[in-house]
Amino acid sequence: MRNLLWLQGGACSGNTLSLLNASDPDVFEFFSQHNIKLLWHPSLSLDSIGVKRIMEDIINGKIRLNIFVFEGSVILGPNNSGTFNMFAGKPMKDWVKYLAPLSEYIIAVGDCASFGGIPAADPNPTQSTGLQFFKKEIGGFLGKNFRTKSGLPIINISGCPAHPDWILTTISLISEGKMTEDMLDEFNRPKIFYSTTTQFGCPRQPYFTYKISSKELGHKEGCLYFDLGCRGAYTKSPCNSILWNNQSSKTRVGTPCMGCTEFDFPTFNFFHTEKNRSGIPKRLPLGMSRGTYVTFSAVAKGSAPQFLVRPLIKKKGDWIE
């Protein structure tokens, strides 16, 4: 039996709500199948009184903490006291400081726990940070040299929220003893989920290839990268291959990827693509040089197939012809 404790710092519970959308198996079946005992969870446990005893028993060596999951940012304010986020009689940051060295594995679930996320956005009034990263910089609350009892750093599952499959698959790898450090990327995220861009599997890929832009949200035609601020070309996530609710993603319904798995989330141009004086997007697709982009664009625009140029659905007024 493996013990799992889930705590929450500066967060909206979005990752917990995402976790509850897990299916085949759902989260409770998953814990049963993997012989995991949920010690306490802020939304799923029936009482909030017993958690203090549980944490004290872990600190005193009476309970072994196999997996420590933390959701939300670590709040250090005001003035590094952490008293903006009190929990069970102490600043939450103090509980994290005491529990982290006793944990075999630690998972930072969501962008806030991984990088600081929305709470850490400028001017960061709560002094929020991620567990082992503050945005791009390694360190965060626990420091760049921190290692759990297993020898691994904090495992980051970034996203706002993270997909339930990303969370449960990571816990499964841990519980089966298969998680190793070489399976993590430069931000300590599992490579199985963060090796390809959001664009991988996107049905709008042909429009991107031939530089056909979508001008309005919610349309099925066109690529959202050129004008509507889609960050899918340089954001690493499997959102178009592991679908949300097993059926969809932002770009599939005509909404741009907001880059919520990356260290610089949130940005503030969600529905607008910033361009230079030449009309070229300032942020190019991952791995593409400006010269290559310009050359490729000139060729692609002139060779677009007619079926991509025409609307998929022709409308007359409010009716489909």
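What are the residues in segment 108-123 that are surrounded by fewer than 23 Cβ atoms within 10 Å (Cβ to Cβ) and in a loop (DSSP other than H, G, I, E, B), if any?
Ala121, Asp122, Pro123
Consider Asn156 against the criteria (1) in a strand (DSSP E or B); (2) within 25 Å of Asn60 (Cβ to Cβ): it satisfies all of them except one. Which criterion is unmet?
The single condition Asn156 does not satisfy is (2).
Mind checking whether some residue in segment 260-268 is within 14 Å of the chain's Cα centre (by Cα), of a type in the set (Val, Ile, Thr) and surrounded by 17 or more Cβ atoms within 10 Å (Cβ to Cβ)? Steps first, please.
To start, the set of residues in segment 260-268 that are within 14 Å of the chain's Cα centre (by Cα) comprises 260-266.
Add one more test, that the residue is of a type in the set (Val, Ile, Thr), and what stays is 261.
Narrowing the set further to residues that are surrounded by 17 or more Cβ atoms within 10 Å (Cβ to Cβ) leaves 261.
Looking through segment 260-268, at least one residue is within 14 Å of the chain's Cα centre (by Cα), of a type in the set (Val, Ile, Thr) and surrounded by 17 or more Cβ atoms within 10 Å (Cβ to Cβ).
Determine if segment 141-153 includes at least one residue that is surrounded by fewer than 19 Cβ atoms within 10 Å (Cβ to Cβ) and among the aromatic types (Phe, Trp, Tyr).
Yes, because at least one residue in segment 141-153 is surrounded by fewer than 19 Cβ atoms within 10 Å (Cβ to Cβ) and among the aromatic types (Phe, Trp, Tyr).
Quick one: which helices (runs of 4 or more DSSP H) lie wholly within segment 1-107 and hold at least 1 residues that are of a type in the set (S, T, N, Q) and surrounded by 15 or more Cβ atoms within 10 Å (Cβ to Cβ)?
Numbers: elements: 14-19, 27-33, 50-59, 92-99.
Of the helices (runs of 4 or more DSSP H) lying wholly inside segment 1-107, those with at least 1 residues that are of a type in the set (S, T, N, Q) and surrounded by 15 or more Cβ atoms within 10 Å (Cβ to Cβ) span 14-19.
What are the residues in segment 173-225 that are acidic (Asp, Glu) and exposed (fewer than 15 other Cβ atoms within 10 Å of the Cβ), if any? Break it down stepwise before answering.
Restricting attention to segment 173-225, the residues satisfying the condition of being acidic (Asp, Glu) are 176, 181-182, 185-186, 216, 221.
The answer is Glu176, Glu181, Asp182, Asp185, Glu186, Glu216.
Taking segment 210-259 as the region of interest, how many residues are in contact (Cβ under 8 Å) with a residue 24 or more places away in the chain, within 16 Å of Arg283 (Cβ to Cβ), of a type in the set (A, V, I, L, M, F, W, C) and not in a loop (DSSP other than H, G, I, E, B)?
0
Any idea which residue in segment 180-209 is farthest from Cys112 (Cα to Cα), counting only those that are part of a helix (DSSP H, G or I) and touching a strand residue (DSSP E or B) at 6+ places or on another chain (Cβ under 7 Å)?
Tyr207
Of the residues Ala100, Ala120, which single one is of a type outside the set (Lys, Arg) and touching a Cys at 6+ places or on another chain (Cβ under 9 Å)? Explain how you work it out, then say what you get.
Details: Ala100 fails: touching a Cys at 6+ places or on another chain (Cβ under 9 Å).
Among Ala100, Ala120, only Ala120 is of a type outside the set (Lys, Arg) and touching a Cys at 6+ places or on another chain (Cβ under 9 Å).
Mind counting the residues in segment 213-259 that are more than 18 Å from the chain's Cα centre (by Cα) and not aromatic (Phe, Trp, Tyr)?
In the first step, residues of segment 213-259 are kept if they are more than 18 Å from the chain's Cα centre (by Cα); the result is 213-229, 247, 252-254.
Next, only the ones that are not aromatic (Phe, Trp, Tyr) stay: 213-224, 227-229, 247, 252-254.
Residues in segment 213-259 being more than 18 Å from the chain's Cα centre (by Cα) and not aromatic (Phe, Trp, Tyr): 19 in total.
Within segment 287-296, can one find any residue that is in contact (Cβ under 8 Å) with a residue 24 or more places away in the chain and either under 26 Å from the mean Cα position of the chain (by Cα) or in a helix (DSSP H, G or I) (or both)?
Scanning segment 287-296 turns up no residue that is in contact (Cβ under 8 Å) with a residue 24 or more places away in the chain and either under 26 Å from the mean Cα position of the chain (by Cα) or in a helix (DSSP H, G or I) (or both).
How many of the residues in segment 139-163 are polar (S, T, N, Q) and under 15 Å from Ala113 (Cβ atoms)? Step through it out loud before you land on a result.
To start, the set of residues in segment 139-163 that are polar (S, T, N, Q) comprises 145, 148, 150, 156, 158.
Those left that are additionally under 15 Å from Ala113 (Cβ atoms): 148, 156, 158.
The total comes to 3.
Do you know which residues across segment 64-87 are among the hydrophobic types (A, V, I, L, M, F, W, C) and touching a residue at least 40 places away in the same chain (Cβ under 8 Å)?
So the first thing to find is which residues in segment 64-87 are among the hydrophobic types (A, V, I, L, M, F, W, C), and the list is 65, 67-70, 74-76, 84, 86-87.
Once the filter is applied, which keeps residues that are among the hydrophobic types (A, V, I, L, M, F, W, C) and touching a residue at least 40 places away in the same chain (Cβ under 8 Å), segment 64-87 yields Leu65, Ile67, Phe68, Val69, Phe70, Val74, Ile75, Leu76, Phe84, Phe87.
Could you go through segment 127-143 and let me know if any residue there is within 21 Å of Ala11 (Cα to Cα), in contact (Cβ under 8 Å) with a residue 24 or more places away in the chain and aliphatic (A, V, I, L, M).
Checked segment 127-143: at least one residue is within 21 Å of Ala11 (Cα to Cα), in contact (Cβ under 8 Å) with a residue 24 or more places away in the chain and aliphatic (A, V, I, L, M).
Every read-out reported here was derived from the displayed coordinates using simple, explicitly stated rules and does not represent laboratory data. It should be emphasised that the depicted structure is a prediction, and the values quoted were computed from it without experimental measurement. Cβ: placed from backbone, ideal geometry, glycine included. Neighbour counts: every protein chain shown.
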